[in-house]
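Notes follow the structure.
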Amino acid sequence: MEMQQIRYFLAVCDQGSITHAAQLTYVSQPSLTQAIKKLEDEMGGALFTRTRSGCQLTPLGRMVESKLRKIYKELQATKAEAIRFTRLNTIPLRIGLMTTIGAQRLSPGLVWYQQEYPNIELELIVDSETELFKQLDSGLLDLVISAPVHALAPPYQSTLLYQERYVVVFSPTHRFNHLQKIDLKAIQSEPYLDRLNCELREDLKCICHNQEIDLYAAYRSNSEEWILHMVKAGIGVALMPEYTLPKQATDIGYRYLSEPEISRQVYAIHAHQAALRFELQALIANLSSVQ
């Protein structure tokens, strides 16, 4: 199977016509038809049904289309990275960040890393933990920074970066400003802002159930930014990891949650084969040493 065969096949899929696909790929119709025929021979059957109105995918064609699109996309990305590395002498490093991971703790380490390794080009991707692991498995990410609830098994390797406690956040004018400690019982009398992406959300529900505490969710959001904006506006209070908060923020108040204390551990996670990359090792070592 050759790259051009995949390219011609996808062009026919998109255009629905041999003629239009040939025009799009700047190749003659006989050459394109021959390439498709060769691909069909390798696949073991017809990929298109040809009619006067154009070409339609056969069941076999529909089955292989998504897989060939993925192969073509990854090959194009690899080619682009190779060209960029050759021309600019940069090494791309893609880092996936779970949506609830704040920048406060990690950003100083990234600044240092950029200064020490100017030839490394960092790309930060923020997404849900599930999507990040899919991209890590497919090789689209080199590293995932997350706070997994359960221990990870091979083929993943993880390094503890830091531990952070959960805090109660509220507006500067809220009555909680006068308290030294805040527990869950105190929160249940306030409008509660529910963070839908919180990885400890189910654990918190169990704790509340066991202690007969009812946290009424006045608002819910899957965005940390929106939760913070609603807190600042005085709409309610929320529970958040401490390093999710902006550093030295004056427009928001917080206290560490007590009774019970809740914390999470944040890890750098990578596939086993990625351990040999020196630039990845250097980044993990730096992020884990930042205080």
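A few notes on this one:
- Residue within segment 186-198 that is assigned to a helix (DSSP H, G or I) and outside the structural domain of Pro108 (by TED's automatic domain parsing) present: yes
- Count of residues meeting criterion [charged (D, E, K, R) and either at pLDDT 85 or above or buried (at least 19 other Cβ atoms within 10 Å of the Cβ) (or both)] in segment 1-36: 2
- Annotation note: of Glu74, Glu42, the sole residue that is surrounded by 13 or more Cβ atoms within 10 Å (Cβ to Cβ), not assigned by TED's automatic domain parsing to the domain that holds Pro118 and not polar (S, T, N, Q) is Glu74.
- Top-ranked residue in segment 203-227 [being more than 21 Å from the chain's Cα centre (by Cα) and in a helix (DSSP H, G or I); ranked as surrounded by the most Cβ atoms within 10 Å (Cβ to Cβ)]: Leu204
- Scoring Ser258 on the criteria (1) of a type in the set (Ser, Thr, Tyr); (2) surrounded by fewer than 20 Cβ atoms within 10 Å (Cβ to Cβ); (3) over 17 Å from Asp183 (Cα atoms); (4) modelled with pLDDT under 90 leaves a single failure, condition (3).
- Long-range neighbours under 7 Å by Cβ, at least six apart or interchain, first residue aromatic (Phe, Trp, Tyr) within segment 1-22, second assigned to a helix (DSSP H, G or I): Tyr8/Ala21; Tyr8/Thr25; Tyr8/Leu32; Tyr8/Ala35; Tyr8/Ile36; Phe9/Ile36; Phe9/Leu39; Phe9/Leu68
- Given (1) within 24 Å of Leu75 (Cα to Cα); (2) out of contact with any helix residue (DSSP H, G or I) (no Cβ under 8 Å at 6 or more places or on another chain), index of the condition Gln56 fails: (1)
- Taking the criterion of being more than 31 Å from the chain's Cα centre (by Cα) and either among the acidic types (Asp, Glu) or in a loop (DSSP other than H, G, I, E, B) (or both), the residues of segment 171-185 that qualify are Pro172, Thr173, His174, Leu179, Gln180, Lys181, Asp183.
- Pairs with Cβ under 6 Å, 6+ apart, first in segment 203-215 and over 15 Å from Ile182 (Cβ atoms), second surrounded by 11 or more Cβ atoms within 10 Å (Cβ to Cβ): Asp214/Gln188
- Number of residues in segment 149-162 that are in contact with an Asp or Glu (Cβ under 9 Å, 6 or more places away or on another chain) and at pLDDT 90 or above: the value is 0.
- Cβ pairs under 8 Å, 6+ apart, first in segment 133-158 and in the same structural domain as Leu283 (by TED's automatic domain parsing) and under 12 Å from Val266 (Cα atoms), second of a type in the set (D, E, K, R) and in a strand (DSSP E or B): Ala147/Arg264
- Extreme residue, nearest to the chain's Cα centre (by Cα), among residues of segment 130-170 that are in a loop (DSSP other than H, G, I, E, B) and either hydroxyl-bearing (Ser, Thr, Tyr) or surrounded by 18 or more Cβ atoms within 10 Å (Cβ to Cβ) (or both): Leu141
- Residue in segment 111-129 that is surrounded by the fewest Cβ atoms within 10 Å (Cβ to Cβ), counting only those that are of a type in the set (D, E, K, R) and within 18 Å of Glu224 (Cα to Cα): Asp127
- Among the criteria (1) in contact with a Pro (Cβ under 7 Å, 6 or more places away or on another chain); (2) buried (at least 18 other Cβ atoms within 10 Å of the Cβ); (3) not hydrophobic (A, V, I, L, M, F, W, C), the one His270 does not fulfil is (1).
- Out of Val231, Val266, one residue alone is within 21 Å of the chain's Cα centre (by Cα) and either farther than 29 Å from Glu123 by Cα or assigned to a strand (DSSP E or B) (or both). It is Val266.
- Matching residues in segment 226-280 - criterion: being hydrophobic (A, V, I, L, M, F, W, C) and without any contact (Cβ under 8 Å) to a residue 12 or more places away in the chain: Trp226, Ala249, Leu276, Phe278
The values are calculated or read from the model by the stated rules, or taken from the named source; none is laboratory data. Here the structure is a predicted model, which is why all the values come from computation and not from measurement. Neighbour counts run over all protein chains shown; Cβ positions are idealised from the backbone, glycine included.
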